[in-house]
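The values are calculated or read from the model by the stated rules, or taken from the named source; none is laboratory data. Not measured: the values here are computed from a predicted model. Because the Cβ atoms are built from the backbone with ideal geometry, glycine has one as well, and the counts that use them run over all protein chains shown. Calculation scope for accessible area: heavy atoms of the full protein, side chains included, ligands and nucleic acids excluded. Shrake-Rupley method; radii C 1.70, N 1.55, O 1.52, S 1.80 Å.
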Amino acid sequence: MTRTSWNKIVSGKELKISKNLRSKTYITLKERTLALPDLIDEGWTRFKSYKNPKFIGVKKDKPYDELFEDRVWLLFANLGFTHMNCDRDFKMSYDFQNPDFTQQIDVFAVDDDTIIIVECKAAESMKDGIFKKPIEALHGQMDGLRKEAQKQYQGRKVKFIWATHNYIMSKSDLSKLEEWGIIHFNDAVINYYIELSKHLGSSARYQLLGNLFANQEIRNMEETIPAIQGKMGGFTYYCFVIEPERLLKISYVLHRNEANKNMMPTYQRLIKKKRLSEVRTFINNKNYFPNSLIISIDTNCKGLRFDLSDMRVDGSLSKLGILHLPKRYRSAYIIDGQHRLYGYSDSDYGSTNSIPVVAFVDLDRKEQIKLFMDINENQKAVPKTLRVTLNADMLWDSDDFNERRQALRSKIAQMLGEEETSPLLGRVVVGENERSFTKSITVEAIQGALKKCQFFTQFTKNNTVVKDGTFDVGQNQKTCDIFYPFIEECLRYIKKYTEVEWENGDSNDGIVTINRGIQAIIRVINDVVNYLVDTKVISPKISNTEDICKEVNYYLDPLIEYLNNVTSDQKKDLRGYLGGGADVRFWRTFQKTISDVRNDFNPEGLKKYWMDEAKTYNEESMNYLRDIQIAIKSSIAEQLEKVRGENWIITGIPKNVYSRAKNEADTHNYDIIASGMNDKTISIWECVTLSECREIVIHGRNWNEIFEGNFTRPEETKIAGGKKAKTEWIYRLSSINSKLSKATYSVSTDEYEFIKSIGKWLSI
């Protein structure tokens, strides 16, 4: 006799009561008032009084594991499952010979066609999960649990789900789940379906069932429909009208986010609740959409059965007949029209209206994306993050090898944000996911960093090799299989030993799990790999990942030490840099932390960068510039007076320069005299700036009659561009002089050498 507690399964009003209890984040009890002190010690608080003073109402927050179970349970309740376990005490027999052998079930959900059994595992904060024994135990019970469930609910399919919160699953555990047909739901997947259920209501269940039971038969579904067959663009298509409820059962839309990483193509925008509500209201007001939905029916290349009608139209390319739709979950992919279709869900006309459909058959991934992009070209712009992820699909087999590598970089970036074993899981904004302090890294940033690295081969426009990639073996997938485990392991190593800083994300001035931090780490890993390849320590294309990582980690250790000890002021200073220079600043800082400890590691340009940034040349440059300005102004004044006469200050310089300088001199001299100070007054010429000297030199006939010979550098006598080009050196000097007025500016090596060359030319 079974020991399954079927009395714990509820439906109808009882299910609503359980749903209300599960929705609360706390537990309530009615206890004796005398027990209150002990209850308080146990974490309970008083919240209710009764007429009988001997009793009180107390409550306590649910523990994190119960909250997670409730979250998963509520998901299935909101998806429209009709029979579910009412509480955590539901148990099932799994051994018919020994009915006393029972297993507690966290979530048990049943609808007309399916049974879902869920095992929940939760942690308070993110951690690595090792579940070898409990997964093996569940596998051993699955056959018995399935038979027990189907005995109670006949004819239904059963699916087991392993749901986790704040766990990073191991590859071996994920492999076992896949081998044994157990579906893993991590936080991203659960959040996706919760969000989808908010938007679609119970119709979101079809999305779930389509993913869980892909290509499995749907019971009691009418499959035939009148249709017209035609050809367009080399493709066969069918036109028909169908009740929305019937199409909803076999259709699906996949949205680009962590939940759907292995179900390509996932290019659709997430259905918007506001838009869906507007569509549903529009439909309920007896309105309609005359334009057709565009779908692709997946037949696994078997084609659709189409029974030709006896009625024919001579000369017509179209054919009339009866189309046999597949009676399978997830067989009709919605390319365009998701809001129109799902707007009928929970509406008054889901089963009584019909909608027009254009159905292609077995469109490949690339063609579906092209069709989607063509349809949406003049509609709402496809988001940038979504466009980036599409490259992994559209360019994977491109005839242009650089485009193939672009697709590979996109794929790696997506995997780092989506793979359940990735240390960046939940930290990358994928598709249309919302950005947050925790999820603050973009796919574009990772892709951009990879593009600046030498991991993958670079080609000319003619597909000849420019530079061989350190991990590139010629084919995208094979290269991905070699490179991805390596980069994932390197990032996991950094995460493991920089736990606090890693968890900061974009809060507390975090510098690791933000765009610039991850970009810098990826580029530094590339620098280390290049060095180890050049010194023949590693051969990434043939060495195993463990051996490569062991060598690379030796050079990452000083970076880890720096990240664990970086001060708040240092982080604020680093994050304070803006623009493109900020990316370089992060990268060069991380390089330097390694080079300072590992003296053999000296990436190209590192020493020069820090010489440029260390203000080494600032003081000497300021002295040079002061003397150069004096020499230039003295030369200009002397030559102008010689040629233009005693009124040279007026006849020799532009009016705007004269007016500005005169106004500055007058203001200064007025303040000096009016205040009775003994300071020396200044002349108009003393107020002329270095940049204005250039304006004077090229003003009117000054250049041709006076200055061309003396103010043209010997090496620039033949350059094109005339007087403006030949006096560009004055403008550059003025620009450097202006930048030096800022305390944070550092004269670069190139700038210093330029200043010194001008000083030498002017004999200073």
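Sorting 56-64, 709-717, 77-85 by average packing, meaning the other beta carbons within 10 Å per residue, from highest down gives 77-85, 56-64, 709-717. Measure nothing fancy, just the Cα-based angle from helix 515-534's long axis to the longest principal axis of the chain, in degrees from 0 to 90, nearest 10. Between the helix axis and the principal axis of the chain, the angle is about 80 degrees.
Ile653 sits among other residues whose Cβ lies under 9 Å from its own Cβ, and their net charge, with Lys and Arg +1 and Asp and Glu -1, is -1. Rolling a 1.4 Å probe over the protein heavy atoms leaves Phe76 with an accessible area of roughly 0 Å². Sites listed here are GluC sites (Glu not before Pro) in the range 611-683 whose DSSP assignment is loop and whose Cβ has at most 16 other Cβ atoms within 10 Å: Glu646.
Over all pairs of different C-alpha atoms, the range 431-491 has a mean inverse distance whose reciprocal, the Kirkwood radius, equals 13.5 Å. Under 5 Å from the amide H of Thr498 lies no amide H of any residue 5 or more positions distant or on a separate chain, with H modelled from the backbone and absent for Pro and chain starts. Taking every protein chain into account, the 1.4 Å probe leaves Leu762 with about 50 Å² of accessible area, to the nearest ten. Across the range 647-652, computed HN-Hα scalar couplings (Karplus, 6.51 cos²θ - 1.76 cosθ + 1.60, θ = phi - 60°) run 9, 4, 5, 9, 6, x Hz from first to last residue, x flagging Gly and Pro. Return the loop-located trypsin sites (Lys or Arg not before Pro) in the range 654-734 (DSSP other than H, G, I, E, B) with at most 15 other Cβ atoms within 10 Å of their own Cβ; answer none if there are none. Passing sites in the range 654-734 are Lys680, Arg701, Lys718. The amide H of Val429, built 1.01 Å from its N in the peptide plane, has Ile441, Thr442, Val443 as neighbours under 5 Å, considering only residues 5 or more places off or on other chains. Ranking Met677, Tyr624, Ile548 by Cα position along the charge dipole of the chain, where only Lys, Arg, Asp and Glu carry charges on their C-beta atoms, puts Met677 farthest toward the positive end. Just so you know, the averaged projected area of the alpha carbon convex hull for the range 1-133 sits at 11.8 nm². Placing a pseudo-label 7 Å from each Cα along the Cα-to-Cβ vector at Asn710 and Tyr577 gives an inter-label distance of 4.3 nm. Once the Cα atoms are used to define both axes, helix 64-78 deviates from the longest principal axis of the chain by about 70 degrees. Applying the Karplus relation 6.51 cos²θ - 1.76 cosθ + 1.60 with θ = phi - 60° to the range 227-237 yields 3J(HN,Hα) values of 8, 10, 9, x, 10, 7, x, x, 10, 7, 9 Hz, where x marks Gly and Pro. Rg over Rh for the chain works out to 1.11, both radii taken from alpha-carbon positions and Rh defined as the Kirkwood radius. The residues packed around Ser93, meaning those with a beta-carbon under 14 Å from its beta-carbon, carry a net charge of +2 if Lys and Arg are +1 and Asp and Glu are -1. Taking Asp557, Asp310 and ordering them by how much accessible surface each has at a 1.4 Å probe, largest first, produces Asp310, Asp557. Ordered by solvent-accessible area of protein heavy atoms (1.4 Å probe), largest first, the residues Ser18, Ser568 come out as Ser568, Ser18. Amide H contacts for Tyr617 (H built 1.01 Å from N in the peptide plane; partners 5 or more residues away or on another chain; cut-off under 5 Å): Val747. Entry note, the chain: the mean residue ellipticity at 222 nm calculated from DSSP H runs of n ≥ 4, each adding -39500 (n - 2.57), is -14500 deg cm²/dmol after division by the residues and rounding to the nearest 500. Return one number: the angle in degrees, 0 to 90 and rounded to the nearest 10, between the long axis of the Cα atoms of helix 545-565 and the longest principal axis of the Cα atoms of the chain. So the inclination is approximately 60 degrees. Using a probe of 1.4 Å on the protein chains alone, the accessible area found for Asp95 is around 40 Å². Packing around the peptides 525-534, 29-38, taken as the average count of other Cβ atoms within 10 Å per residue, puts them in this order, highest first: 525-534, 29-38.
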